[in-house]
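Asks: Here it is, the structure in full.
Bear in mind these aren't lab numbers, they're just calculated from the coordinates by the rules spelled out. On a predicted model such as this, the values are computed, not experimentally measured, just so you know. Neighbour counts run over all protein chains shown; Cβ positions are idealised from the backbone, glycine included.
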Ligand code: F6P
C-alpha cells in the first residue's frame, strides 16, 4: 500500500510529551516517504466535526520540549456516544462522521495518541476498517502491554519535586503532611513519586488500607523521635471494604467519575487518632503540566518514529509500546478496556517496604 497522507489525533487527558510524538511522527513520515500529515483538533471531536490543521515540517518544528498539545485534546468526546454540547440530553452515535472525515482526507492511516480510553475507541475504529496505530500516553502509566507510557516520567518528576518541598515545611512544623496524587485507579504515580521522594507511607488503589494501620505507622515514627511524616496517597486509594472517594459523580460525557478527596480523609483520620497536626496538599493538574523530562522527550520521539515506521510498513490495529528497553508493538484489542495496575508483588512495592515505607498490609 502506498502511504500518501496520515492523520494524527491527541485524545484523553493531556501530558508532557504529546508534541514530541506529533513531531516525530510527522518528521519521520516526511523524511522517509514524503508523506503528508493532517492533525485533527481536540481528539476524536475533530474527527467528527472535521476540525483540522495541516501538519507540515514547519508546523512541528520547535515543539519537542513544549508541554500540552498543539492539536488540543479532549476526554469528553466519544464518537460512538457523542455530545455536540452540554445541553444535549442523550448521546448520538457519530462514528460514521469520523469515518467520513477519514475518507474525505484520503487518509492511509490514523495515529491515535492517547491512554486507555482513547486506545479502546481506536480499537473500535480499527474494527470498522480504519488503519490505526496507537501511541500510549498518560501520567497514570496504566496502559496494558507497555512498560511505560510517555508523560509518566514527567509527572513523577513534578510530583517528587513538590513532595521534596512539602518535606521541609513538614519538618519545621512537626506535622503529618498528606499529599494526594493523580493516577485514576492505578497507583503507579503515587508509588514512583512516593519512593523517589522518600514518602513514609504510600497508599495505593491496589492495596486497600485500614485507618488503624496508617495511624499506627504514624505513631511508630513519632515514638522513634521522627517529628513529621509524609503520606503519599493515590487519588484512587481505598479503605479496606470501602469505595473510591469521589469528587464528582458520573459525568455523562467522560463516562467516568472524578476521583478526589481521599487525601483529606486520611489527614482527618491521622489528626483524630494520633493528635498529630495534619495537612493535605492535592497536587492536581500540575502533574500533567509543564515541559517533558529528557526521558519523556526521548521515549515520545522513539514512540512517534516507530508509529510512523509501522504506518509505512502497513502494520495496523496495534499500539507502539516499550518492552525491556526496546520499542515494539502490541495488539490494540489487548489494550482496550483493560487498565494496567500495580501488582502487590511488584519489585518496587517490596523495595519500598524493605526500606521501611508503610504501604498497608
Ligand atoms: O488520566 C489522567 C488523569 O490526570 C487522571 O490521573 C485523573 O484522574 C484524571 O485524568 C483527571 O481528569 P480531568 O482533567 O478531566 O479532571
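Asks: Kindly state, to the nearest 0.05, the FRET efficiency for residue 285 paired with residue 246, given R0 = 22 Å and r defined as their beta-carbon distance.
Replies: 0.80
Asks: Let me ask something else. Taking Cα centroids, how far is segment 195-264 from segment 67-133 in Å?
Replies: If you average the Cα positions of each part, the centres end up 34 Å apart.
Asks: Okay, moving on. From the Cα gyration tensor of segment 47-147, with a ≥ b ≥ c the square roots of its eigenvalues, which class applies: rounded if a/c is under 1.5, or else prolate if a/b is larger than b/c, or else oblate? It would help to have the intermediate numbers written out before the result.
Replies: On the way: a/c = 1.40, a/b = 1.22, b/c = 1.15.
The shape class here is rounded.
Asks: Multiply the residue gap between residue 172 and residue 355 by 0.36 nm, knock off their C-alpha separation, and tell me the result in nm, one decimal place. Mind dumping the intermediate values first?
Replies: Numbers: separation 183, 0.36 × 183 = 65.88 nm, distance 2.37 nm.
The span from residue 172 to residue 355 would gain 63.5 nm if fully extended.
Asks: Can you sort 102, 57 by how many other beta carbons sit within 10 Å, fewest first?
Replies: Final ranking by Cβ density, sparse to dense: 57, 102.
Asks: To the nearest 0.05, what FRET efficiency results for residue 223 and residue 338 with a Förster distance of 51 Å applied to their C-beta separation?
Replies: On the way: r = 44 Å, r/R0 = 0.86.
Computed FRET efficiency for residue 223 and residue 338: 0.70.
Asks: Which angle between 0 and 90 degrees, to the nearest 10, do you get for helix 116-127 versus the longest principal axis of the chain when only C-alpha atoms count?
Replies: For helix 116-127, the angle is close to 30 degrees.
Asks: Between residue 57 and residue 104, what is 0.36 nm times their sequence separation minus the Cα-Cα distance? Round to one decimal in nm. If you can, show how the numbers build up before the last one.
Replies: Working: separation 47, 0.36 × 47 = 16.92 nm, distance 2.23 nm.
Using 0.36 nm per residue and subtracting the Cα-Cα distance, I get 14.7 nm.
Asks: I need 252, 264 ordered by Cβ neighbour count within 10 Å, fewest first.
Replies: Numbers: 252 13, 264 17.
Final ranking by Cβ density, sparse to dense: 252, 264.
Asks: At a 10 Å Cβ-Cβ cut-off, how would you order 175, 104, fewest neighbours first?
Replies: Values: 175 21, 104 10.
Ranked by crowding around the Cβ, least crowded first: 104, 175.
Asks: Cβ neighbours within 10 Å, averaged per peptide: list 11-24, 300-313, 209-222 in order, most packed at the top.
Replies: Result, highest mean first: 11-24, 300-313, 209-222.
Asks: I'd like the projected area of the chain, averaged over all directions, using the convex hull of its alpha carbons. Report it in nm² with one decimal.
Replies: Mean orientational projected area (the chain, Cα hull): 18.2 nm².
Asks: Sticking with this one: Hey, what's the Kirkwood Rh for segment 155-288 if you take every pair of different alpha carbons, in angstrom? Provide the component values of the computation, followed by the final result.
Replies: Numbers: mean 1/r = 0.0680 Å⁻¹.
Result for segment 155-288 stands at 14.7 Å.
Asks: Measure nothing but the geometry: give the 0 to 90° angle between the long axis through the Cα atoms of 262-274 and the longest principal axis through the Cα atoms of the chain, rounded to 10°.
Replies: 10 degrees
Asks: Continuing with this model, one more query. Treating the angle as unsigned and between 0 and 90°, give the value, to the nearest 10°, between the Cα long axis of helix 152-173 and the longest Cα principal axis of the chain.
Replies: On a 0 to 90 degree scale, this one is about 20.
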